[in-house]
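The values are calculated or read from the model by the stated rules, or taken from the named source; none is laboratory data. The model shown is predicted, which means the values in this text are computed figures rather than measured ones. So basically every Cβ, Gly included, is an ideal-geometry build from the backbone, and we count neighbours across all protein chains shown.
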Amino acid sequence: MYRILAKETLTPVTKLFVIEAPEVALKAKAGQFVILRVTEEGERIPLTIADYDRQAGTITIVVQEVGKTTKLLGMMEVGYCLASFTGPLGRPTEIERYGTTVLVGGGLGIAPIYPICRSLREAGNYVIGIIGARTKELLFWEEQMRSVTDELIVCTDDGSYARKALVTVPLKELLESGRRVDCVWGIGPAIMMKFVALTTKPFGVKTIASLNSIMVDGTGMCGACRVSVGGKTRFACVDGPEFDAHEVDWDLLLARQRIYLDMEKLALETFERELARVKS
Amino acid sequence: MPKDRMQIPRQKMPTRPPEERRRSFEEVALGFDMDLALAEANRCLQCKKPSCIEGCPVQVRIPEFILALREGDMWGAVGALKDKNSLPAICGRVCPQETQCEAKCVLGRKGEPVAIGRLERFVADWERAQGVRIPELPKPSGKRIAIVGSGPAGLTAAGDLAKMGHAVEIFESLHVPGGVLMYGIPEFRLPKEVVRAEISYLEKLGVVIHTNTVVGKLYTLDELLERFDALFLGTGAGLPMLLNIPGENYNGVYSANELLTRTNLMKGYLFPKWDTPVKVGEKVAVVGAGNVAMDAARCSLRLGAKEVHIVYRRSRQEVPARAEEVHHAEEEGIIFDFLTNPVEIYGNQQGWVTGIRCIRMALGEPDASGRRSPIPIEGSEFDMPMDTVIMALGTRPNPLVFTDAVRLERTRHGTVVADPNTGRTKMERVWAGGDIVTGAATVISAMGAGRIAATDIDRYLKDSSGPWWSGQG
């Protein structure tokens, strides 16, 4: 169960895993997520579904190594079985025929926008993709994104590849150009999503973000993922993860993402010390 | 002689001393040994018309198991106990006996009632130590039953149905079965080993458990009905209620569910050996005074809090928690602030809670629940500086399981409409029981509902000719 069938290194800190999960694959839709545990003692972490293959019975996830759990997962090889893998969770992206859609993916956020682009295109939308990363080596899936978009704009913060710009810059230009844009998705770090929302707001374009708040069960039981949307407390795991980006209290999300920062650091340090000890 | 029996004092439960246990997740109540159990069992008057049984939601044959115990027939005691209660080691630990069986004990009229719960636990623990005997199972019926949720209702229904010869599969959303028994009730009150033993007993009966399976997401109820002859919903009341006051989303404000899940299910108290962090500050306020509030308060203490308050808008008389939990909490130094209601949570620039603003309350006329309703005293607001605030205000059924289940009728409280005599819902071949029907209640009432539904499912699978719905409404 939940065996790693394939693994790919996308960037020095980003790994892709194809997981055997036939029942999840049958139900998964763009915009939903899974919660997994790497080991029995492990924490439950949410990861947005990057792809699914109903025939092969697999779910693809893309992981950025930031803390102990993601680093440990990054070390797992083909054949390893995850301790648990639960999904599909959350509400799927509302796929409609909007017209022209712009999908902005920042860093790891490129992975979840890929299946949304594909679904939107299948539904007859004109899909413009904007993907970006801090620097060239953190960028991935450019070709794959080209295959599901009608236009693709690529940028890096430092200009080491393609255009030197934050993803919000081409987004703003697009909106200012007078081209009709019916709906925008922004997925990436919370701070990026906040600025995507700020960029589109003056133009009155519907904008959707996928909130990456801290979760435990992912089924509405604990409320760790509480966010404020339109002044109301919502649970990202069951009411989301996608919400109207203009209604989200971004500063609250940013603050709540930092709750365990010190303990996460301690866990990582302990883990790395242990690794060094095993290696020596 | 009854008179002699009445001379025997109620035997005290040996417990870990408060000073030792307030930082430890080891079980607080240590259990009777054989001498204490026999002394306590000898107090029972073996009433001709035992009223204790009436007080038990599942009518355990109490005098019978106590008689067998004192006659040294331990397996006889086990048999009498388990005939009605499939989870006695759990009920002996978490039932509110003082409002159920023990409240009806005749000895309680003049003195103290027989410690039925402690005896129940003793017999069940004895059985577990022997290695549980698996009963002979009848010929397979060929019928398949899906149980959604593996808490007390689901486990009970599963055990009963397996013993009737049906093929039972349980679907559990979390990565371990047990529901609230695993994620909610802490180790120091209900060792997880006890729950695991009950679950492994079910597996030995042939029950198949699918963890990591969120019904409503992975399968709809209709999809399950295509594969199974009957469906039992026992998903409990897992959705936390929030305070709905300003500041409830500050960092350091938890639902009790989150604190307890991180602590118990994810073993946050073993961090960083186990990966899930849980964080409580020096001063903790728990809002609410039910069992969950007591658990959250006592967990906070064990996680390192220096000062833990229970903030409750009513008075001591109205506290809904088990008497023993309140007693243990007080022994451990939990501070009770009665007639106090939070009106606002305040915090700092970084988004962390720094305290709660409360208002003093007075008790007015009895409300719909029969309890005197608390009324705020104008102008009595005051601030309590706090590092952590935990909301333990009750829970509602989680609507996830109802995805696309339009034929399943629900009340405006979000609970499922079910006939209390059969457990049948308005959706054919779907039964429900426990907190999903009643709203947050007790382990024993959920168990009782699981048993009623199992009996009716068996009846239906043998003869489904009658009308489906004969309940009210």
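Please determine whether any residue of region A:105-116 is hydrophobic (A, V, I, L, M, F, W, C) and surrounded by fewer than 24 Cβ atoms within 10 Å (Cβ to Cβ). Spell out how you get there, then give the answer.
Step one: filter region A:105-116 for residues hydrophobic (A, V, I, L, M, F, W, C), giving A:108, A:110-111, A:113, A:116.
Retained after the next criterion (residues that are surrounded by fewer than 24 Cβ atoms within 10 Å (Cβ to Cβ)): none.
No, region A:105-116 contains no residue that is hydrophobic (A, V, I, L, M, F, W, C) and surrounded by fewer than 24 Cβ atoms within 10 Å (Cβ to Cβ).
Please work out which one of (1) more than 30 Å from residue B:103 (Cα to Cα); (2) surrounded by 24 or more Cβ atoms within 10 Å (Cβ to Cβ); (3) away from chain A (no Cβ under 14 Å); (4) small (Gly, Ala, Ser) is the condition residue B:305 fails and give its number. Among (1) more than 30 Å from residue B:103 (Cα to Cα); (2) surrounded by 24 or more Cβ atoms within 10 Å (Cβ to Cβ); (3) away from chain A (no Cβ under 14 Å); (4) small (Gly, Ala, Ser), the lone unmet condition for residue B:305 is (2).
Residue-by-condition table, conditions (1) modelled with pLDDT of 95 or more; (2) buried (at least 24 other Cβ atoms within 10 Å of the Cβ):
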| site | (1), (2) |
| --- | --- |
| B:150 | yes, yes |
| B:154 | yes, yes |
| B:163 | no, no |
| B:167 | yes, no |
| B:174 | yes, yes |
| B:197 | no, no |
| B:210 | yes, no |
| B:213 | yes, no |
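Taking region A:44-71 as the range and being within 16 Å of residue A:6 (Cβ to Cβ) and small (Gly, Ala, Ser) as the test, the residues that pass are A:50, A:56, A:57. Applying the criterion of at least 1 residues that are within 14 Å of chain A (Cβ to nearest Cβ) to the strands (runs of 3 or more DSSP E) found wholly in region B:170-258 leaves B:208-210, B:253-255.
Note on region A:68-139: enclosed strands (runs of 3 or more DSSP E) holding 3 or more residues that are closer than 30 Å to residue B:271 by Cβ are A:84-89. Has region B:357-366 got at least one residue that is of a type outside the set (Phe, Trp, Tyr), within 14 Å of chain A (Cβ to nearest Cβ) and buried (at least 17 other Cβ atoms within 10 Å of the Cβ)? No: zero hits. In region B:264-295, the qualifying residues are those that are within 11 Å of chain A (Cβ to nearest Cβ), buried (at least 20 other Cβ atoms within 10 Å of the Cβ) and in contact (Cβ under 8 Å) with a residue 24 or more places away in the chain, and the one that is farthest from residue B:187 (Cα to Cα) is B:278. Here is the figure for region A:19-38: residues that are closer than 17 Å to residue A:75 by Cβ and either among the aromatic types (Phe, Trp, Tyr) or in a loop (DSSP other than H, G, I, E, B) (or both) total 1.
Listed by first and then second residue, the pairs linking a residue in region A:18-42 that is within 9 Å of another protein chain (Cβ to nearest Cβ) and within 22 Å of residue A:56 (Cβ to Cβ) to a residue that is crowded, with 23+ Cβ neighbours inside 10 Å and polar (S, T, N, Q), with Cβ atoms under 7 Å apart and 6 or more places separating them unless they lie on different chains, are A:35/A:86.
Looking across region A:142-180, just one residue is part of a loop (DSSP other than H, G, I, E, B), loosely packed, with under 13 Cβ neighbours inside 10 Å and acidic (Asp, Glu), and that is A:158.
Considering each of B:206, B:234 in turn, give the residue that is in contact with a Pro (Cβ under 9 Å, 6 or more places away or on another chain) and closer than 23 Å to residue B:417 by Cβ.
On the way: B:206 fails: closer than 23 Å to residue B:417 by Cβ.
Unique residue meeting the criteria: B:234.
Looking at B:356, B:335, B:377, B:390, can you tell me which residue is of a type outside the set (D, E, K, R), touching a His at 6+ places or on another chain (Cβ under 7 Å) and modelled with pLDDT of 90 or more? Outline the logic, then answer.
Working: B:356 fails: touching a His at 6+ places or on another chain (Cβ under 7 Å); B:377 fails: touching a His at 6+ places or on another chain (Cβ under 7 Å); B:390 fails: touching a His at 6+ places or on another chain (Cβ under 7 Å).
Exactly one residue qualifies, and that residue is B:335.
Answer with yes or no whether residue B:320 is under 30 Å from residue B:93 (Cα atoms) and within 14 Å of chain A (Cβ to nearest Cβ). Criteria not met by residue B:320.
For region B:125-148, enumerate the residues that are of a type in the set (A, V, I, L, M) and at pLDDT 95 or above. Walk me through how you get there before you give the answer.
First pass over region B:125-148, keeping only residues of a type in the set (A, V, I, L, M): B:129, B:132, B:134, B:137, B:145-148.
Matches in region B:125-148: B:145, B:146, B:147, B:148.
From B:154, B:76, B:108, which residue is part of a helix (DSSP H, G or I), in contact with a helix residue (DSSP H, G or I) (Cβ under 7 Å, 6 or more places away or on another chain) and either within 19 Å of residue B:209 (Cα to Cα) or of a type in the set (Ser, Thr, Tyr) (or both)?
Selected residue: B:154, the only one of B:154, B:76, B:108 that is part of a helix (DSSP H, G or I), in contact with a helix residue (DSSP H, G or I) (Cβ under 7 Å, 6 or more places away or on another chain) and either within 19 Å of residue B:209 (Cα to Cα) or of a type in the set (Ser, Thr, Tyr) (or both).
Looking only at region A:199-228, residues that are away from chain B (no Cβ under 11 Å) and either out of contact with any Lys or Arg (no Cβ under 7 Å at 6 or more places or on another chain) or within 11 Å of residue B:258 (Cβ to Cβ) (or both) come to 13 in all. The number of residues in region B:35-57 being surrounded by fewer than 15 Cβ atoms within 10 Å (Cβ to Cβ), at negative phi and without any contact (Cβ under 8 Å) to a residue 24 or more places away in the chain comes to 3.
Residue-wise test of (1) in contact with a Ser or Thr (Cβ under 8 Å, 6 or more places away or on another chain); (2) in a loop (DSSP other than H, G, I, E, B).
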residue: A:10; (1), (2): no, no
residue: A:17; (1), (2): yes, no
residue: A:40; (1), (2): no, yes
residue: A:63; (1), (2): yes, no
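All conditions in (1) more than 16 Å from the chain's Cα centre (by Cα); (2) part of a strand (DSSP E or B); (3) under 30 Å from residue A:124 (Cβ atoms) hold for residue A:50, with the sole exception of (1).
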